[in-house]
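Since the structure comes first, as structure tokens, the remarks are kept for the end.
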Amino acid sequence: MSELHAYSTCSGLIRFGADLPKDALPLARGHAPHVRLLIERNAEPAGSAATFSVPDMAGAQSIQDKLRALEAFRRLLSEKRSAAISQGFKTDVAVTYFLPI
């Protein structure tokens, strides 16, 4: 099984990778197809069909607003993951949280 990380840049753009870069804002990790499905179904399209962003993060004017958008998106991902599990979908995805300092 290949593990994949989904993370955001400070601009709100969502990236995927086998490793988590030092300056990344983590979103989720787990089985690659499940991580992609969770992100792609809940993120905002950002330009091309294969590019996504954290909802409301790109247009945020302050760091606090960006963090609020990031945390709201993580909560949404967690709720969607929980709903899928309660409906019998077997998923190997963990939504990644951190507390800003």
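What is the percent of Cα-Cα separations in the chain that go past 22 Å? More than 22 Å apart: 24 percent of the Cα pairs in the chain.
When you filter the trypsin sites (Lys or Arg not before Pro) in the chain for DSSP loop state and at most 11 other Cβ atoms inside 10 Å of their Cβ, you are left with K22, K90. With the contact rule set at Cα under 8 Å and sequence spacing of 6 or more, what percent relative contact order holds for the chain? Normalised by residue count, the contact order of the chain is 27 percent. Remark: the stretch 42-101 carries 64 Å² of accessible area per residue (probe radius 1.4 Å; ligands, DNA and RNA excluded). Summing +1 for each Lys or Arg and -1 for each Asp or Glu among the other residues whose beta-carbon sits under 13 angstrom from that of S2 gives -1. Between the Cα long axis of helix 32-42 and the first principal axis of the chain there is an angle of about 50°, rounded to the nearest 10.
Taking the Cβ of A94 as the center, what net charge do the other residues with Cβ under 15 Å away carry, scoring Lys and Arg +1 and Asp and Glu -1? For residues surrounding A94, the net value is +4. Taking the longest Cα principal axis of the chain as reference, the axis of helix 63-86 is set at about 10 degrees. Atom-type composition of the exposed protein surface of the chain places 55 percent of the accessible area on carbon and sulfur (1.4 angstrom probe).
The values are calculated or read from the model by the stated rules, or taken from the named source; none is laboratory data. Here the structure is a predicted model, which means the values were calculated and not measured. Cβ sites come from the backbone with ideal geometry, for glycine too, and all protein chains shown count toward neighbours. Please note that ligands, DNA and RNA were not included when accessible areas were found on the heavy atoms of the full protein model with its side chains. Shrake-Rupley method; radii C 1.70, N 1.55, O 1.52, S 1.80 Å.
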